[in-house]
Amino acid sequence: MNAQELHSALQLRNSHLWRGLEVSAGLVYTGDIHLDFKNFYGGFWGGGNVDGSYKEFNHYIGYKNKRLTVELWDIYNFSPGAAYNNKEYFNYSGRETGRFWDLRSFYTVSDQLPLVLSWNTVVFGRDRNSINTENKYSTFVSGEYPVYKKESLEVKGRLGYSFALNNSNGEKNNFFAKESGFNEISLIISKSFTIDGYKLPIGIWGMWNPVNNNAFLQFSVQAYSF
């Protein structure tokens, strides 16, 4: 399609982990489809689990060059057990919406030092103070480094810290943890196997959250990608 490229992927996991949180447990499927045009791209990301207790559908746009990636995600988790508005998909009122906008940035230091530094802030939506008058602007910053890489095997480590840019009323919590601190320490292992010409990437992700005092282990397999 000349400068345009369509890409998609589907993964199966035993949980959905994100920034120190276990968003869902059980057999989880997550899928993505996006269109690239030169340095820009946009698409959809969706997820769910087999018992129907987790449902999510997101839109995103992004820009990338050799070192920098910037994305804006419109995230809507409409799981049946949600304690927020999960029944009005098109409600974009700041005080009422069940969605949030996540502004993401990633910067790779250099080819010689492939450290990826990331700054991410919730800029709109259900990241509010307890009396629903202001946004907290919860922020997650991280550093990720490939500690080992050989052929199709890669091991990465990631350290993440979360805090709120605007915590009013004496509140300490943010979107990702009960208080500011290092809420993600991750070890991520990925490897690809080839079976009769079919490429099968698998992953193992150990994630520890010292702030919330918990830890999770995720296993994943990619069903397809193009």
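Of all the listed residues (SER15, SER53), the sole one being under 22 Å from PHE140 (Cα atoms) and not aliphatic (A, V, I, L, M) is SER15.
Could you grab me the full set of residues in region 13-33 that are open to solvent by 40 Å² or more (accessible area, probe 1.4 Å) and closer than 12 Å to GLY46 by Cα? Once the filter is applied, which keeps residues that are open to solvent by 40 Å² or more (accessible area, probe 1.4 Å) and closer than 12 Å to GLY46 by Cα, region 13-33 yields TYR29, ILE33.
Could you look through region 45-65, keep only residues that are aromatic (Phe, Trp, Tyr) and under 11 Å from SER79 (Cα atoms), and pick out the one that is least open to solvent (accessible area, probe 1.4 Å)? If you could, list the steps in order and put the result at the bottom.
Restricting attention to region 45-65, the residues satisfying the condition of being aromatic (Phe, Trp, Tyr) are 45, 54, 57, 60, 63.
Still in the running and under 11 Å from SER79 (Cα atoms): 54, 57.
Numbers: TYR54: 5, PHE57: 77 Å².
So, considering only residues that are aromatic (Phe, Trp, Tyr) and under 11 Å from SER79 (Cα atoms), the one least open to solvent (accessible area, probe 1.4 Å) is TYR54.
Anything in region 67-93 that is farther than 19 Å from ASN120 by Cα, open to solvent by 40 Å² or more (accessible area, probe 1.4 Å) and of a type outside the set (Gly, Ala, Ser)? List them, or say none. So that I can check it myself, show each step before the final result.
Quick first cut of region 67-93, residues farther than 19 Å from ASN120 by Cα only: 78-93.
Cutting the leftovers down to open to solvent by 40 Å² or more (accessible area, probe 1.4 Å) gives us 78, 80-81, 83-84, 87-90, 92-93.
Scanning region 67-93 gives PHE78, PRO80, TYR84, LYS87, GLU88, TYR89, PHE90, TYR92.
Being more than 19 Å from ARG19 (Cβ to Cβ) and either loosely packed, with under 15 Cβ neighbours inside 10 Å or more than 17 Å from the chain's Cα centre (by Cα) (or both) narrows it down to one of LEU153, LEU165, so name that one.
Working: LEU165 fails: more than 19 Å from ARG19 (Cβ to Cβ).
The unique qualifying residue is LEU153.
Give the number of residues within region 189-223 that are among the small types (Gly, Ala, Ser) and surrounded by 16 or more Cβ atoms within 10 Å (Cβ to Cβ). Before the answer, list the steps.
Step one: filter region 189-223 for residues among the small types (Gly, Ala, Ser), giving 190, 192, 197, 203, 206, 215, 220, 223.
After this cut, where a residue has to be surrounded by 16 or more Cβ atoms within 10 Å (Cβ to Cβ) as well, the list is 190, 203, 220.
Residues in region 189-223 being among the small types (Gly, Ala, Ser) and surrounded by 16 or more Cβ atoms within 10 Å (Cβ to Cβ): 3 in total.
The residues of region 193-212 that are at pLDDT 95 or above and more than 16 Å from GLY160 (Cβ to Cβ), listed by number, are PRO201, ILE202, GLY203, ILE204. Here are LEU10, LEU27, LEU35: which of them is touching a residue at least 60 places away in the same chain (Cβ under 8 Å) and in contact with an Asp or Glu (Cβ under 9 Å, 6 or more places away or on another chain)? Every option except LEU10 fails the conditions.
Going by the structure shown, is LYS178 touching a residue at least 24 places away in the same chain (Cβ under 8 Å) and surrounded by 15 or more Cβ atoms within 10 Å (Cβ to Cβ)? No; evaluated as a whole, the condition is false for this residue. The set of residues from region 34-44 being outside any strand (DSSP E or B) and either open to solvent by less than 50 Å² (accessible area, probe 1.4 Å) or of a type in the set (S, T, N, Q) (or both) comprises just one member, ASN39. Remark: pairs (first residue in region 64-89, more than 20 Å from VAL50 (Cα to Cα); second residue small (Gly, Ala, Ser); Cβ separation under 6 Å; 6+ apart in sequence or on different chains) = VAL70/SER105; GLU71/GLY62; TYR84/GLY98; ASN85/GLY98.
The values are calculated or read from the model by the stated rules, or taken from the named source; none is laboratory data. These numbers were taken from a predicted model, which means no experiment stands behind them. In this analysis, Cβ positions are derived from the backbone assuming ideal geometry, glycine residues included, and neighbour counts consider all displayed protein chains. Only protein heavy atoms, including side chains, enter the accessible area calculation; ligands, DNA and RNA are left aside. Shrake-Rupley method; radii C 1.70, N 1.55, O 1.52, S 1.80 Å.
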